[in-house]
Amino acid sequence: MTRTPTSLLDPVPLHSAVQFALEQARQQGATAAEAAASQGQGLSVNVRMGEIETIEHTRDRGLVVTVYLGQKTGSASTADYGPASVAEIVEAACNIARHIEDDVCNGLPDADDLATTFPDLDLYHPWRPSVDDVLDGALACEHAALDWDQRIENSEGASVSTHETLGVYANSLEFLAENRKTQHGISCSVIGRGEGGMQRDYWYTSARRYEDLEAAAAVGKQAAQRTVRRLSSRRAPTDQVPVLFEAPVAASLLSHLVSAISGSALYRKASFLLDQLEQPVFPDWVRVHEQPLLPRAIGSAAFDGEGVQTRTRDIVSDGVLTGYVLDAYSARRLGLRTTGNAGGVHNLTLVSGSKSLDELVSDMGRGLLVTELIGFGVNPVTGDYSRGAAGFWVDQGEIQFPVDEITIAGNLKQMFKHFSDVGTDVDTRGNVRCGSILINEMTVAGD
């Protein structure tokens with residue numbers, strides 16, 4: 001499979017659209033405005049049981065304009081970059097703003113916070129294979145899964161996808177910048193049958209550059225292995241035991257942290273970490289930090305969704321909460337300064353310890369290794385945590401048998417304080433990067 005390095009996405013129409021939108025906003029009386037234009041294209045092929053299910057070519061674009069009339073704001077969007085359409089949505093945004101109540105926190109970021117440097121983060125690696133090439137990859141992935149073990153008897157499908165986007169953001173503070181990025185992926189999900197019934201599991205790989213993906217056959221084999229190891233699952237005993245979250249599901253714990261320290265939750269007083277800044281939230285060895293400038297990483301960006309410069313920073317240092325996750329509006333509501341997180345965090349990273357997943361299993365002695373979480377039983381205000389789970393029961397430091405139909409429960413404030421260790425098996429496929437997380441004690445409800 002070959003990669004074509006040149007871009008088919010033309011930035012000129014996007015630059016013209018955002019600049020015209022800002023000029024229209026000024027002419028219609030806006031005291032400030034911002035515009036974001038985007039264009040994307042991609043290809044995705046899905047197969048199931050050796051047959052094509054879908055082939056999707058996508059090509060899309062959009063323009064979002066936000067205007068400020070003093071302390072009133074309104075937004076409108078379109079997929080048409082033509083002058084008449086752009087002028088129409090600017091007028092619509094202004095009309096919306098006129099009907100909105102004043103809010104002293106509305107407005108663009110302070111000019112001093114806007115990005116002035118734009119390092120090359122190596123995010124753009126277009127790969128434009130033929131449909132046949134992508135189809136061959138998806139078939140190879142599924143074939144590897146179905147052939148790995150005779151107990152794999154069905155498939156939920158395999159897919160190969162590639163996508164590239166171009167974005168341009170500008171505002172009336174004379175800021176204008178663009179970014180290009182690509183993302184490619186391969187995934188597979190299969191079903192196995194054992195004496196205790198059927199189980200399913202999956203695997204996927206994702207990267208900015210096609211060459212950084214796991215091989216299609218390796219993805220299929222991993223999906224099959226994960227499925228087979230779950231066969232003959234049973235209920236775990238009900239007990240208070242250590243719980244080890246495998247890296248792909250451990251990232252969700254950091255996502256709950258981000259939600260709790262986001263500006264919108266804090267100014268609404270709807271967070272279990274309210275008023276915890278500069279307070280110990282984790283054990284004193286825990287460090288959580290943002291790394292927005294990592295080359296080729298999924299969450300890398302030189303500026304956020306408001307044009308604010310991103311920066312490497314600690315959010316948790318020596319177990320102490322040292323930073324929030326704020327955009328310009330929420331920062332003003334809290335009397336603070338934006339942290340460059342309009343649109344979310346950037347490569348949020350939990351620093352690992354020195355032990356592998358197998359070593360953590362050995363250390364926990366008796367407890368539960370969680371490989372799948374089910375449901376959404378998390379209360380963001382109190383931190384109460386109760387979710388369905390599946391995984392493996394551990395005794396004497398070794399995996400004994402697979403388990404499912406169980407519930408794990410606790411409170412996130414206590415769970416954070418009871419972090420025991422973090423594995424070296426860091427999952428880098430998403431915007432949250434961490435290894436497996438061992439928590440000293442949680443309630444496991446099974447038999």
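Among Glu88, Glu398, Glu214, which comes first, second and so on when ranked by fewest other beta-carbon atoms within 10 Å? Can you show the working numbers first?
Values: Glu88 15, Glu398 11, Glu214 18.
Neighbour counts put them in this order, fewest first: Glu398, Glu88, Glu214.
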- request: Report the extension gain between Arg268 and Ala215 in nm, rounded to one decimal, defined as 0.36 nm multiplied by the number of residues separating them, less their alpha carbon distance.
  value: 14.5 nm
field: Cα-based helix-to-principal-axis angle, 247-260 vs the chain, degrees rounded to 10
entry: 40 degrees
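Within 10 Å of each residue's Cβ, count the other Cβ atoms and sort Phe245, Phe175, Phe118 from fewest upward. Working shown, then result.
Numbers: Phe245 28, Phe175 19, Phe118 12.
Starting with the residue having the fewest Cβ neighbours, the order is Phe118, Phe175, Phe245.
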message: What distance in nm separates the two pseudo spin-label positions at Ser356 and Asn379, each 7 Å out from Cα along the beta-carbon direction?
response: 4.1 nm
- prompt: By its C-alpha gyration tensor, with a ≥ b ≥ c as the square roots of the eigenvalues, how is the chain shaped: rounded for a/c under 1.5, else prolate for a/b larger than b/c, else oblate?
  reply: oblate
field: In nm, spacing of pseudo-spin labels at Arg366 and Thr117 (7 Å Cα→C-beta vector)
entry: 5.5 nm
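For a protection proxy built on the mean count of beta-carbon atoms within 10 angstrom, sort 436-446, 124-134 highest first, please. Write down the numbers at each step before the final one.
Working: 436-446: 21.5, 124-134: 17.1.
Highest mean packing first, the order is 436-446, 124-134.
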- request: Between the alpha-carbon centers of the stretch 44-86 and the stretch 295-339, tell me the distance in whole angstrom.
  value: 26 Å
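Please label the shape of the stretch 183-341 as rounded, prolate or oblate, based on the square roots a ≥ b ≥ c of the eigenvalues of the alpha-carbon gyration tensor (a/c under 1.5 means rounded; beyond that, a/b larger than b/c means prolate, else oblate). It would help to have the intermediate numbers written out before the result.
Values: a/c = 2.76, a/b = 1.55, b/c = 1.77.
Taking the square roots of the gyration eigenvalues as a ≥ b ≥ c, the stretch 183-341 is oblate.
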- prompt: Taking the Cα centre of each part, how many Å lie between the stretch 403-436 and the stretch 203-280?
  reply: 6 Å
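Is it possible to state the helix-based mean residue ellipticity at 222 nm for the chain, with each DSSP H run of 4+ residues giving -39500 (n - 2.57), the sum divided by total residues, to the nearest 500 deg cm²/dmol? What is it? Please report the intermediate quantities before stating the final value.
On the way: 9 runs with 104 residues, N = 447.
Mean residue ellipticity, 222 nm, calculated: -7000 deg cm²/dmol.
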- prompt: With the Cα gyration tensor of the stretch 401-445 giving a ≥ b ≥ c as the square roots of its eigenvalues, does the rule (a/c under 1.5 for rounded; else a/b larger than b/c for prolate; else oblate) give rounded, prolate or oblate?
  reply: oblate
- prompt: Ranked from highest to lowest mean number of other Cβ atoms within 10 Å per residue, what is the order of the peptides 257-267, 414-424, 274-284?
  reply: 257-267, 414-424, 274-284
query: Among Arg226, Arg296, Arg235, what is the fewest-to-most ranking by other Cβ atoms within 10 Å?
result: Arg235, Arg296, Arg226
- prompt: What list of ³J(HN,Hα) values in whole Hz, one per residue of the stretch 369-386 in order, does the Karplus curve 6.51 cos²θ - 1.76 cosθ + 1.60 (θ = phi - 60°) give from phi, with Gly and Pro shown as x?
  reply: 9, 9, 10, 8, 10, 10, x, 9, x, 10, 9, x, 7, 9, x, 4, 10, 8
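What is the sum of charges around Ala223, taking Lys and Arg as +1, Asp and Glu as -1, for the other residues whose C-beta is under 10 Å from the C-beta of Ala223?
0
For the chain, what is the number of Lys pairs with C-alpha distance below 26 angstrom, counting only pairs 8 or more positions apart or on separate chains?
On the way: Lys72/Lys269; Lys221/Lys355; Lys269/Lys413; Lys269/Lys417; Lys355/Lys413; Lys355/Lys417.
Lysine pairs satisfying the spacing and distance rule in the chain number 6.
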- prompt: What residues have an amide H closer than 5 Å to that of Lys355, excluding those fewer than 5 places away on the same chain, when H is modeled at 1.01 Å from N in the peptide plane?
  reply: Thr424
- prompt: Between the helical axis of 83-98 and the dominant principal axis of the chain, each derived from Cα atoms, what acute angle in degrees is found, rounded to the nearest 10?
  reply: 80 degrees
message: I need to check one value: relative contact order of the chain, counting alpha carbon pairs closer than 8 Å and at least 6 residues apart, in percent.
response: 15 percent
field: Asp60 paired with Val12, simple spin-label distance in nm, labels 7 Å along Cα-to-beta-carbon
entry: 2.6 nm
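Counting other Cβ atoms within 10 Å of each Cβ, which GluC sites (Glu not before Pro) in the stretch 109-161 have at most 14 and sit in a DSSP loop?
On the way: sites: Glu142, Glu153, Glu156; in loops: none.
Hits after loop and neighbour filter: nothing returned.
FYI, it's all coordinate maths here, none of it is from the lab. Note that the coordinates shown come from a computational prediction; the quantities given were computed from them, not determined experimentally. Neighbour counts run over all protein chains shown; Cβ positions are idealised from the backbone, glycine included.
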